[in-house]
Amino acid sequence: MNILSIILTILGLSLFEIISSIDNAIINAEVLSTMKQKARRWFLVWGLLIAVFLMRGLLPWAIVWAVSPQLGPVGSLLAAFSSDPKVHAAIEQSSPILLMFGGTFLIFLFFHWLFMEDKNFGLPGERFVRRQAVWFYAIVSVILAVIVWYALKSHPVIAFGAVLGSTAFFIIHGFRQNAELEEKKLLDKKSNLSDLSKILYLEVIDATFSIDGVIGAFAFTLSVPLILLGNG
């Protein structure tokens with residue numbers, strides 16, 4: 001990779017991470033405001049380390065290693081900067097499934113934001129689109145079917161990458177949706193939920209946001225160091 005590609009990749013990842021982290025920061029602030037000082041301090045130190053930094057640090061490396069086990073743990077981390085032809089061949093072989101995996105996830109994430117997320121309307125047509133939220137699942141299902149249809153003509157593994165991306169999206173957002181429903185209980189001043197319950201909730205919600213960032217990053221690059229820099 002040349003220096004311009006590296007800079008653009010890091011900038012793109014950073015922008016994606018900033019945008020996707022805004023909701024996460026708001027949720028954290030709301031729940032932390034209902035917790036005692038000791039629990040709040042524990043989460044800000046250890047909770048963020050576990051759910052954010054470890055997740056974003058280990059998950060991209062684990063994914064690359066999983067699809068290219070022949071590289072080994074160290075090779076998976078440094079593959080993008082290796083000059084070994086065998087390493088390049090391994091990355092070239094695994095890149096379609098990873099790129100399709102991350103790309104499909106990112107497409108689903110965009111349409112979820114477009115149709116389902118609460119937002120302040122600023123552009124013409126946004127309010128109309130938001131009222132069509134019922135069509136979200138139909139639209140992404142059709143998109144997935146089209147992607148898989150054309151991917152199968154190229155290689156079944158690429159189609160499998162698209163299915164993995166959609167599966168990851170619905171699993172992660174299923175957990176997040178359930179967590180958001182629980183948030184109302186956590187913010188209730190009369191709630192008897194302990195600070196430990198609130199910490200566990202924040203761990204889950206932060207982990208889902210971190211996974212969003214990691215999986216979406218594979219639509220930008222397969223380089224683990226660049227993902228770490230961009231998501232960091």
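The values are calculated or read from the model by the stated rules, or taken from the named source; none is laboratory data. This one's a predicted model, so the numbers in the text were calculated from it and none came from an experiment. Methodologically, a virtual Cβ is constructed for each residue, glycine included, from the backbone with ideal geometry; neighbour enumeration extends over all protein chains shown.
Laid out as a table, the results:
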| read-out | value |
| --- | --- |
| Residue list for segment 1-48, filter: within 19 Å of Ser194 (Cβ to Cβ), among the aromatic types (Phe, Trp, Tyr) and touching a Leu at 6+ places or on another chain (Cβ under 9 Å) | Phe43 |
| Sole residue being assigned to a helix (DSSP H, G or I) and within 22 Å of Val64 (Cα to Cα), chosen from Val134, Val129, Val163, Val146 | Val163 |
| Some residue of segment 141-156 being within 17 Å of the chain's Cα centre (by Cα), modelled with pLDDT of 75 or more and surrounded by 20 or more Cβ atoms within 10 Å (Cβ to Cβ) | no |
| Residue that is surrounded by the most Cβ atoms within 10 Å (Cβ to Cβ), among those in segment 29-42 that are of a type outside the set (A, V, I, L, M) and out of contact with any Asp or Glu (no Cβ under 9 Å at 6 or more places or on another chain) | Arg41 |
| Search result, residues across segment 136-154 that are farther than 16 Å from Trp113 by Cβ and touching a helix residue (DSSP H, G or I) at 6+ places or on another chain (Cβ under 7 Å) | Leu144, Ile147, Val148, Ala151, Leu152 |
| Residue count, segment 9-28 (criterion: farther than 16 Å from Val214 by Cβ and either modelled with pLDDT of 85 or more or surrounded by 14 or more Cβ atoms within 10 Å (Cβ to Cβ) (or both)) | 4 |
